[in-house]
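Report on the following structure.
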Amino acid sequence: MALHRAALDGLVPYEPGKPEEELQRELGLDRVVKLASNEGPWGPFPAALEAMERSARGLNRYPDGGAFHLRNALAERHGVDTASVVTAAGADAVIGHLSLATLDPGDEVVTAWPSFISYVLDTLKLGAVPQKVPLVDDHYDLEALLAAIGPRTKLVYIATPNNPTGTMTTRSQLDSYFDRVPEHVLTVLDQAYFEYIEQPDYPDGVEEYTKAGRRVLVLRTFSKIYGLAGLRVGYAVGAAGLVTAISKVRRAFDVNSFAQVAALASLDAPDELARRRAVNAEGLVQLERIMREHGLEPPPSVANFLFAEVGEDSRPLFEQLLREGVIVRPAGGFGAPGAIRVTVGTPDENELFGEALGRVLSAVEQT
């Protein structure tokens, strides 16, 4: 009898990249720039750093298992009951907990593809079945998502903006979707990049769908614009009963003490949030210009990254850029083997990417 579950057959463990300093040493480079993981190029907010320093002497104690102060603050910010907020070690962890709380073998999950890989992986881990609906022009096709829903569909994931393409779904498209989605389906609206977006037709999922009584769970994170990716803290807002079910399967101390106090301190810094949003918008323009100058055609992104098809297999370009000291993300794991995803860095980092890309493409043309 096999020790591990049959649902794990065919899955590949996550393979992390090497630390930047190790790559720098191995390749003999003066500098390595990481533009692969959609992190913000800034550190934590100053208030978050101060909060962590103040809390450091209490690290002999376990963290607050209920994230009392953080959940209360998030509930107040969104105008919902605390019972409607669940925290976790990143929005990705919420996806895992939700899957464990809702999916039985044979259940179905509908999402677009290419999209965030955890929607599919966490489904497969539990013996459930992912239904992957192709993107149309790099955007979610909500009509096709609705058509893919069947009697065993438990969850529908909608990432807006989509990772890895950066494209968004509009308010009118989501309004029409929610008017028609069957009542037995829970929609997971992933808004991990919410704070970057200023487009007037981009909806606030909590305000416009959760509070309107839709059957939806909205995901948010502190890993992106807030600069706390290394601490792993995210949250979701949904019906109290659903939050209770998720809480039954999550680990009690999954959000560490630093993460809780840093996230809490980051909530009251609107000026810094606006500054980072504006700087990212400028970086998107710069990065898009660089990519188009080298013959790449990224779709319109509203997030902090750009996506581009580069041929049948993006791995060779990824490896060549790596040797130049620039780390990007080959998008094969997301369902786009011929594409790369590039995170907006500082202006200097973006230019370094452009220079490395130019050298790599010139070398290819000469061979």
Quick one: in the range 197-246, of everything that is without any contact (Cβ under 8 Å) to a residue 24 or more places away in the chain and under 24 Å from Gly65 (Cβ atoms), which residue is surrounded by the fewest Cβ atoms within 10 Å (Cβ to Cβ)? Gly241
Read through the list (1) open to solvent by 30 Å² or more (accessible area, probe 1.4 Å); (2) part of a loop (DSSP other than H, G, I, E, B), then give the number of the only condition that Gly65 fails. (1)
Every listed condition ((1) in a loop (DSSP other than H, G, I, E, B); (2) modelled with pLDDT of 95 or more; (3) open to solvent by less than 30 Å² (accessible area, probe 1.4 Å); (4) not aliphatic (A, V, I, L, M)) holds for Thr87 save (1)
What tally of residues in the range 283-306 results from selecting those that are under 21 Å from Glu198 (Cα atoms), open to solvent by 60 Å² or more (accessible area, probe 1.4 Å) and either touching a residue at least 60 places away in the same chain (Cβ under 8 Å) or of a type in the set (A, V, I, L, M) (or both)? 2
Filter result (touching a helix residue (DSSP H, G or I) at 6+ places or on another chain (Cβ under 8 Å) and open to solvent by 10 Å² or more (accessible area, probe 1.4 Å)) within the range 179-193: Arg180, Val181, Leu186, Asp190, Ala192
Go over the candidates Glu319, Glu309 one by one and state the one that is without any contact (Cβ under 8 Å) to a residue 60 or more places away in the chain, closer than 21 Å to Met168 by Cα and charged (D, E, K, R). Glu309
Within the range 18-49, of all residues that are over 24 Å from Gln320 (Cα atoms) and among the aliphatic types (A, V, I, L, M), the one least open to solvent (accessible area, probe 1.4 Å) is Ala48
Enumerate the helices (runs of 4 or more DSSP H) found wholly within the range 233-311, keeping only those where 1 or more residues are closer than 24 Å to Tyr140 by Cβ. 240-249, 270-293
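The values are calculated or read from the model by the stated rules, or taken from the named source; none is laboratory data. The structure displayed is predicted, hence computed values, not measured ones. A quick note on method: Cβ atoms are made from the backbone with ideal geometry, for glycine too, and the neighbour counts reach across all protein chains shown. SASA here: full protein model, heavy atoms, side chains in, ligands and nucleic acids out. Shrake-Rupley method; radii C 1.70, N 1.55, O 1.52, S 1.80 Å.
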